[in-house]
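Enquirer: Sending over a structure as structure tokens; questions will come in a sec.
The values are calculated or read from the model by the stated rules, or taken from the named source; none is laboratory data. Worth saying up front: this structure is predicted, and the values here are computed from it rather than measured. Note that each Cβ is placed from the backbone with ideal geometry, even for glycine, and that neighbours are counted across all protein chains shown. Accessible surface is based on the protein model in full, side chains and every heavy atom, while ligands, DNA and RNA are left aside. Shrake-Rupley method; radii C 1.70, N 1.55, O 1.52, S 1.80 Å.
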Amino acid sequence: MPEDADVIVVGAGLAGLVATYELARAGRRVLVVDQESPANLGGQAHWSLGGLFLVDSPEQRRMGIRDSEQLALADWLGSAAFDRPREDRWPRRWAEAYVHFAAGEKRSYLRGLGLRLTPNVGWAERGDGTAAGHGNSVPRFHLAWGTGPEVVRVFREPVQAAAARGLVRFAHRHRVEELLVEDGAAVGVRGSVLAADPAARGVASSDEAEGEFEMRAQAVVVTSGGIGGNSALVRKNWPVERLGEAPRSMITGVPAYVDGRMLETAERAGASLVNRDRMWHYTEGIKNWAPVWPDHAIRIIPGPSSLWLDATGKRLPAPYFPGHDTLGTLRHILGTGHEHTWFVLTRSIVEKEFALSGSEQNPDLTGKDLKLTLSRVKKGAPGPVQAFLDHGEDFVQARGLRALVDGMNRVAPEPGLDAAQVEREVLARDREVDNAYSKDLQLMSIHNARSYRADRLTRVARPHRLLDPAHGPLIAVRLHLLTRKTLGGLETTLDSQVVRPDGEFFDGLYAAGEAAGFGGGGVHGYNALEGTFLGGCIFSGRAAGRALARSLA
């Protein structure tokens with residue numbers, strides 16, 4: 001039977017576009033198969049803030065940051081905590097290779113494609129408070145000028161140009177349900193043709209089938225994403241022994257098509273699927289007042305100053321402060337027996353420190369509107385943040401603490417907050433603000449953050465009493481748990497070739513992006529350092545495309 005292409009790429013997200021770009025650049029014929037419509041080209045990456053993990057970059061050096069590949073690798077390994085001899089063999093090698101890429105060629109590779117970065121470097125995932133443990137020792141979060149859509153564009157446009165030349169074809173609304181394997185090698189895909197659906201990007205689409213298809217090639221690359229949009233799979237794989245019982249409810253940080261279907265399809269065909277219990281979910285979720293997909297969640301990317309209370313009004317213990325240790329905080333929250341928490345803060349804090357994840361929540365950066373971006377330094381909350389203050393069901397504003405707690409209890413009547421308990425926590429925190437030093441570890445962290453010039457100028461509010469009326473009104477935000485990333489996945493070599501459970505290579509089958517745990521079946525180990533998801537898609541997609549470009553007949 002004749003081949004439909006040299007390579008079939010399953011999934012039209014960022015990793016799939018990168019692999020296709022590399023293959024087409026080498027003159028290979030590529031068929032991109034995706035269950036969604038052309039409106040969803042670029043996948044989840046389109047919705048992202050566009051953060052990129054870089055090491056010892058010119059942007060860092062201009063901000064006075066001393067970084068190195070050695071420091072970054074120590075941070076990565078301390079966070080990953082690899083401890084599985086079999087499943088972590090390839091992920092550890094991927095971690096070393098990726099950090100080397102982030103400290104070397106990554107910036108020039110993206111710059112050569114036309115991607116530019118904003119000058120400020122963010123300090124994400126500040127860690128668990130230990131030098132050898134989880135977290136970034138220095139700021140490394142580089143923001144793409146144009147956010148996620150721009151990261152997608154620099155690969156999409158050359159792929160579309162290759163399509164105009166006949167090297168690339170797209171088969172949208174084709175859902176792969178089986179990998180074709182002959183003589184131990186992947187030779188194609190089979191599945192259902194779905195009915196056309198005019199739904200906008202991200203909106204849940206119809207799964208009505210109106211036909212079948214079969215397509216063949218010399219190799220197949222799986223770039224279909226993870227499981228974050230499939231709550232049943234998230235709960236099935238939940239690491240109870242490590243994080244506690246799975247939440248009864250989580251809001252959803254990714255579109256519905258992130259369903260994990262291809263992971264199970266590849267495993268049935270004989271691929272090794274490892275570290276499926278490792279996942280990355282956020283604790284600062286809010287319900288979108290203008291949702292696109294079902295249970296659409298937005299994550300607050302907080303500065304370090306908000307007072308974080310559990311559902312009963314008790315302050316979260318160190319080091320579970322905003323922006324520090326995501327999964328440690330998640331584990332603590334689940335241990336309280338409740339699934340929501342609260343930020344208590346002031347208008348001054350929200351204006352300087354609140355950012356919202358997502359390209360659509362940052363129209364100034366996404367639209368590359370310099371004038372609008374510069375307006376962020378002016379007094380007042382950014383427009384999207386103000387919209388949530390005005391319309392978000394999770395937000396409460398009041399002039400006094402008692403009125404604030406009453407409003408919080410109206411938003412979440414169970415288990416109910418004791419105003420006296422909340423007042424004790426607020427007063428204890430406020431007593432520590434009068435000096436430039438403190439025994440309060442969160443305030444220590446705030447002072448540490450403000451020693452970094454970019455944080456002091458644009459990201460971290462000057463310490464002040466929460467009950468100081470000059471900084472009011474008081475604001476409370478109910479926070480939900482939200483699904484996001486799959487850290488495990490299909491086990492792959494450094495060429496992104498899939499491995500079988502016995503350790504042998506799976507001829508003709510490759511995987512990249514979240515479907516491969518961003519490389520190797522779990523390059524992050526147990527924890528992510530942030531700004532690493534898009535970069536993992538790029539690095540693993542590039543590896544797959546380049547390896548196949550070299551090896552195909």
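Enquirer: Can you spot a residue in the stretch 189-198 that is farther than 27 Å from residue 536 by Cβ, without any contact (Cβ under 8 Å) to a residue 40 or more places away in the chain, part of a strand (DSSP E or B) and not β-branched (Val, Ile, Thr)?
Expert: Pass one, the stretch 189-198, residues farther than 27 Å from residue 536 by Cβ: 190, 192-198.
After this cut, where a residue has to be without any contact (Cβ under 8 Å) to a residue 40 or more places away in the chain as well, the list is 190, 192-193, 195.
If we keep only those that are part of a strand (DSSP E or B) as well, we get 190, 192-193.
With the extra rule that they be not β-branched (Val, Ile, Thr), the set shrinks to 190, 192.
Yes, the stretch 189-198 contains a residue that is farther than 27 Å from residue 536 by Cβ, without any contact (Cβ under 8 Å) to a residue 40 or more places away in the chain, part of a strand (DSSP E or B) and not β-branched (Val, Ile, Thr).
Enquirer: Please enumerate the residues belonging to the stretch 481-496 that are open to solvent by 10 Å² or more (accessible area, probe 1.4 Å), out of contact with any helix residue (DSSP H, G or I) (no Cβ under 8 Å at 6 or more places or on another chain) and not charged (D, E, K, R).
Expert: None - no residue of the stretch 481-496 is open to solvent by 10 Å² or more (accessible area, probe 1.4 Å), out of contact with any helix residue (DSSP H, G or I) (no Cβ under 8 Å at 6 or more places or on another chain) and not charged (D, E, K, R), so the list stays empty.
Enquirer: Which ones in the stretch 249-266 are over 20 Å from the mean Cα position of the chain (by Cα) and touching a residue at least 40 places away in the same chain (Cβ under 8 Å)?
Expert: 265, 266 - these are the residues of the stretch 249-266 that are over 20 Å from the mean Cα position of the chain (by Cα) and touching a residue at least 40 places away in the same chain (Cβ under 8 Å).
Enquirer: Among the residues of the stretch 301-335, write down those that are open to solvent by less than 10 Å² (accessible area, probe 1.4 Å) and more than 24 Å from residue 352 (Cα to Cα).
Expert: 311, 313, 328, 330, 333
Enquirer: Regarding residue 536, is this residue open to solvent by less than 10 Å² (accessible area, probe 1.4 Å), touching a strand residue (DSSP E or B) at 6+ places or on another chain (Cβ under 8 Å) and under 23 Å from residue 30 (Cβ atoms)?
Expert: No.
Enquirer: Here is a check on your reading of the model: is residue 32 part of a loop (DSSP other than H, G, I, E, B), touching a residue at least 12 places away in the same chain (Cβ under 8 Å), of a type in the set (A, V, I, L, M, F, W, C) and open to solvent by less than 10 Å² (accessible area, probe 1.4 Å)? Talk me through it step by step, then tell me what you get.
Expert: On the way: part of a loop (DSSP other than H, G, I, E, B): no; touching a residue at least 12 places away in the same chain (Cβ under 8 Å): yes; of a type in the set (A, V, I, L, M, F, W, C): yes; open to solvent by less than 10 Å² (accessible area, probe 1.4 Å): yes.
Judged against the criteria, residue 32 is not a match.
Enquirer: Taking residue 471 as the residue in question, decide whether it is in contact with a His (Cβ under 6 Å, 6 or more places away or on another chain) and either open to solvent by 10 Å² or more (accessible area, probe 1.4 Å) or of a type outside the set (A, V, I, L, M) (or both).
Expert: yes
Enquirer: Still on this structure, I have one more. From 97, 124, 102, grab the single residue that is aliphatic (A, V, I, L, M) and either surrounded by fewer than 16 Cβ atoms within 10 Å (Cβ to Cβ) or touching a helix residue (DSSP H, G or I) at 6+ places or on another chain (Cβ under 7 Å) (or both).
Expert: 102
Enquirer: Same structure, new question: With farther than 20 Å from residue 94 by Cβ and modelled with pLDDT of 95 or more as the only criterion, which of 495, 507 stands out?
Expert: Details: 495 fails: farther than 20 Å from residue 94 by Cβ.
Selected residue: 507, the only one of 495, 507 that is farther than 20 Å from residue 94 by Cβ and modelled with pLDDT of 95 or more.
Enquirer: Let me ask something additional. Could you list, in sequence order, the residues of the stretch 237-248 that are open to solvent by 40 Å² or more (accessible area, probe 1.4 Å) and over 23 Å from residue 81 (Cα atoms)?
Expert: Residue satisfying the conditions is 248 alone.
Enquirer: A follow-up question, please. Somewhere in the stretch 63-71, is a residue more than 23 Å from residue 495 (Cα to Cα), under 19 Å from the mean Cα position of the chain (by Cα) and assigned to a loop (DSSP other than H, G, I, E, B)?
Expert: Residues of the stretch 63-71 more than 23 Å from residue 495 (Cα to Cα): 63-68, 70-71.
Among the residues that remain, those that are also under 19 Å from the mean Cα position of the chain (by Cα) are: none.
Looking for residues that are more than 23 Å from residue 495 (Cα to Cα), under 19 Å from the mean Cα position of the chain (by Cα) and assigned to a loop (DSSP other than H, G, I, E, B), one finds none in the stretch 63-71, hence no.
Enquirer: Which residues, taken from the stretch 234-248, are touching a Ser or Thr at 6+ places or on another chain (Cβ under 9 Å) and either in a loop (DSSP other than H, G, I, E, B) or free of Cβ contacts under 8 Å to residues at least 40 places away in the same chain (or both)?
Expert: Selection gives 237 alone.
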